[in-house]
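Take a look at the structure set out below.
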Amino acid sequence: MAESEPGGEVARNELRASHDDRDRVVELLRVSAGDGRLTADELDERLEQAMTARTYGELARLVADLPATGSVAAPVVAAQVKDVVRIDTRSGHVKRVDRWVVPQRMEVKVTSGSVLLDFTRAEITQPTLKLDVDVRSGHIRLMTKPGIVVDTDDVIIRSGHVRVKTPWGPDVPAQLRIEVSGKVGSGHFVARPRYRNLWQWLTRQPKPYAITAR
């Protein structure tokens, strides 16, 4: 369990590291070994620890005695995580895509528009997201990937529908659990992985969820 600072905030060094964070530290370690700063044994030991590190603090300790090179040392700096993000759309469209930082809680209200929350490249720094929804005649779509669990047991459904697709099965370890609550009126709430585009389909590339999660 991560330790908290005064006010209930998680200490920076205890925030969860992402796969990209580990990759940057691995690259810095390899560059440092090539420069002669680490022996082969030291490199092997630190690489193993980097690949299994869970927090920014664990990664920071592996490079504390090495000079930072460009942006490779960036993972030791924690992303700014908001407590609550509120989205209220009436007839428009809202998207959170690419490298956005997942907050601790989101409140999303959709009257007749749409909201897309794409988690495939998002910065995930805590194990749980509480998502409170109020969907009237619009729709909310969550783009997921292996390791993201969506729980909709506490959602009240009226004339709309809720659908969650997790084709990768229960054996994939959970990276983020999204606990959804609220109500869906005549709109829709859908959580699913990304589909293949036309070129990927024509060239018979594997479905995104068939590729091992990084």
Looking only at segment 143-168, count how many residues are assigned to a strand (DSSP E or B) and within 16 Å of Val102 (Cβ to Cβ). 6
Mind telling me which of the residues Thr203, Thr152, Thr128, Thr144 ends up being at pLDDT below 85 and not hydrophobic (A, V, I, L, M, F, W, C)? Thr203
Would you point out which residue out of Asp35, Asp20, Asp83, Asp44 is within 30 Å of Val133 (Cβ to Cβ), open to solvent by 80 Å² or more (accessible area, probe 1.4 Å) and either acidic (Asp, Glu) or modelled with pLDDT of 75 or more (or both)? Asp83
What number of residues within segment 104-118 satisfy the criterion of being within 16 Å of Arg16 (Cβ to Cβ) and either out of contact with any Ser or Thr (no Cβ under 9 Å at 6 or more places or on another chain) or in a strand (DSSP E or B) (or both)? 0
Looking at segment 169-190, is at least one residue surrounded by 14 or more Cβ atoms within 10 Å (Cβ to Cβ), more than 21 Å from Glu107 (Cα to Cα), hydrophobic (A, V, I, L, M, F, W, C) and at pLDDT below 95? yes
Quick check: anything in segment 144-153 open to solvent by 20 Å² or more (accessible area, probe 1.4 Å), of a type in the set (Lys, Arg) and more than 24 Å from Ala53 (Cβ to Cβ)? no
Among the numbered conditions (1) in contact with a strand residue (DSSP E or B) (Cβ under 6 Å, 6 or more places away or on another chain); (2) at pLDDT below 90, tell me where Thr69 comes up short. (1)
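Considering only segment 169-199, how many residues are in a loop (DSSP other than H, G, I, E, B), touching a residue at least 12 places away in the same chain (Cβ under 8 Å) and farther than 24 Å from Thr125 by Cα?
Going through segment 169-199 one residue at a time, the tally reaches 5.
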Among residues of segment 119-142 being open to solvent by less than 10 Å² (accessible area, probe 1.4 Å) and in a strand (DSSP E or B), the residue nearest to Lys165 (Cα to Cα) is Leu142
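The values are calculated or read from the model by the stated rules, or taken from the named source; none is laboratory data. Note that the structure is predicted; figures quoted are calculated from it, not measured. We place every Cβ from the backbone using ideal geometry, glycine too, and count neighbours over all the protein chains shown. Just so you know, the surface numbers come from the protein's heavy atoms only, side chains and all, with ligands and any DNA or RNA stripped out. Shrake-Rupley method; radii C 1.70, N 1.55, O 1.52, S 1.80 Å.
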